[in-house]
Amino acid sequence: MSLISRRKFVYASTLLGVGLKFISPSNIFASKNNSVIRPVVISTWDRDRKPNLKAWEILANGGNSLDAVEQGVRVAEDDPENNSVGYGGLPDENGIVTLDASIMDWKGRAGAVAFLQNIKNPISVARLVMEKTKHVMLAGEGAKRFALAYGFKEENLLTEKSRQAWIKWKESLSKEDNWIGNESHDTITMLAIDKDGNISGACTTSGLRWKIHGRVGDSPIIGAGLYVDNDVGAAGATGVGETIMRTLGSFLIVEKMREGMSPQEACEFAVKRLIEKNKNIIKEPYQAAFIALNKKGEIGAYAVRDGFDYVVSMNGETNGYKSKFEIKE
Ligand code: SD4
């Protein structure tokens with residue numbers, strides 16, 4: 001399959017979130033008169049809003065931001081129609097689904113899993129790494145054994161739909177094929193601030209489809225796919241992980257917010273840096289995007305190119321927004 005028809009195929013397979021309405025972003029996310037908005041949830045990609053709604057339900061009932069982001073992104077992990085996360089995620093070049101996830105809370109704790117296989121909810125394994133061990137990241141077979149020891153079930157995560165997609169790709173492999181393209185994404189990164197002003201974040205993905213077996217992306221790398229500092233705020237990423245890892249975008253955004261930038265300004269700064277630093281390395285069009293949240297409950301989002309959207313829950317409402325972007329084509 002040519003790159004173009006591969007794109008069409010992935011696009012078609014992610015049209016399941018059709019029928020959603022968008023609201024144009026405005027400065028409603030800047031707090032008025034220095035007031036504080038809580039709770040707030042923001043997540044990447046406006047697919048069906050169910051992850052946000054779950055997180056919101058927890059926060060609206062007085063729950064904390066860690067439970068909210070974990071339970072929120074689990075909804076995406078469990079969804080077989082989401083082909084970039086958990087169960088139903090598109091596999092690597094060998095037809096194997098491998099998962100990456102990370103989580104951070106307001107205490108500065110972090111947990112992550114990388115290259116995890118046959119376990120449906122990597123975000124909950126990442127949380128256990130954070131809470132039950134002195135480590136930050138477990139990978140591959142070790143991560144799986146750890147999950148099994150805590151009672152997780154070993155299961156086949158490759159749905160028939162994803163297997164068929166993989167076979168189709170295998171059949172159409174050609175010399176022009178590449179492993180990084182401007183494909184659709186659905187990786188979920190979620191940031192939340194609870195009623196007590198405590199911030200947590202979670203990020204979970206099956207990574208880039210058809211990736212080389214063993215490839216790990218930005219999502220489980222603390223500072224790349226996700227970063228939380230409760231004194232300042234949080235940031236998270238989606239898109240071609242290699243571009244994000246080279247610039248540690250989420251950490252950069254939090255540091256820029258610490259220096260006084262708004263979440264929006266910091267996201268724009270990080271996207272510009274990412275484009276600049278990747279310009280001689282990756283020649284074809286790619287997508288990468290960031291979301292951010294600060295202590296006041298203000299949010300920001302910015303993408304390399306058109307097509308990124310995100311979901312925000314605040315003041316009892318959950319809405320989808322089209323992101324602003326840097327490269328106008
Ligand atoms: C990765 N950042 O593994 C992930 C992919 C992604 O939506 O965000 N897809 O590179």
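The values are calculated or read from the model by the stated rules, or taken from the named source; none is laboratory data. Fair warning: this is a prediction, and the values are worked out from it, not measured in the lab. Backbone-built Cβ (ideal geometry, glycine too); neighbour counts: all protein chains shown. Heavy atoms of the whole protein, side chains included, go into the accessibility calculation; ligands, DNA and RNA do not. Shrake-Rupley method; radii C 1.70, N 1.55, O 1.52, S 1.80 Å.
Using θ = phi - 60° in the Karplus curve 6.51 cos²θ - 1.76 cosθ + 1.60, the 3J(HN,Hα) couplings for the stretch 271-279 round to 5, 4, 4, 4, 5, 4, 6, 9, 5 Hz; x is entered for Gly and Pro. In terms of packing, defined here as the mean over residues of other Cβ atoms within 10 angstrom, the peptides 57-70, 97-110 line up highest first as 97-110, 57-70. Does the stretch 194-295 come out rounded, prolate or oblate, given a ≥ b ≥ c as the square roots of the eigenvalues of its C-alpha gyration tensor, rounded meaning a/c under 1.5 and, failing that, prolate meaning a/b above b/c? Note, shape of the stretch 194-295 comes out oblate. Within the same chain, aspartates and glutamates fewer than 8 places from Lys272 are excluded, and of the rest, those with a Cα less than 13 Å from its Cα are Glu326. Subtracting the Cα-Cα distance of Glu259 and Lys170 from their residue separation scaled by 0.36 nm leaves 27.2 nm. Counting only lysines at least 8 places from Lys120 when in the same chain, those with an alpha carbon closer than 16 Å to its own are Lys144, Lys153.
When shorter helices are ignored and each DSSP H run of at least 4 residues is given -39500 (n - 2.57), the per-residue value for the chain at 222 nm works out to -9000 deg cm²/dmol. With both labels modelled 7 Å from their Cα along Cα-to-Cβ, the Glu131 to Lys195 distance reads 2.1 nm. Taking only protein heavy atoms and a 1.4 Å probe, the accessible area of the chain is 51% carbon and sulfur. Bridgeable lysines around Lys296 (alpha carbons under 19 Å apart, same-chain partners fewer than 8 residues away excluded): Lys32, Lys107, Lys195, Lys256. Charge dipole of the stretch 20-325 (Cα centre as origin; +1 on each Lys and Arg Cβ, -1 on each Asp and Glu Cβ, all else neutral): 280 debye, rounded to the nearest 20.
For Ala60 and Glu141, the FRET efficiency from 1/(1 + (r/R0)^6), where r spans their Cβ atoms and R0 equals 45 Å, is about 0.70.
Classify the stretch 235-329 as rounded, prolate or oblate, taking a ≥ b ≥ c as the square roots of the eigenvalues of its Cα gyration tensor: rounded when a/c is under 1.5, otherwise prolate if a/b is larger than b/c and oblate if not. Since a/c reaches 1.5 but b/c is at least a/b, the shape of the stretch 235-329 is classed as oblate. Take the chain with all the other protein chains still there, run a 1.4 Å probe, and you get 41 Å² of accessible area per residue. Taking a ≥ b ≥ c as the square roots of the eigenvalues of the alpha carbon gyration tensor, the stretch 65-128 is oblate, as a/c is not under 1.5 and a/b does not beat b/c.
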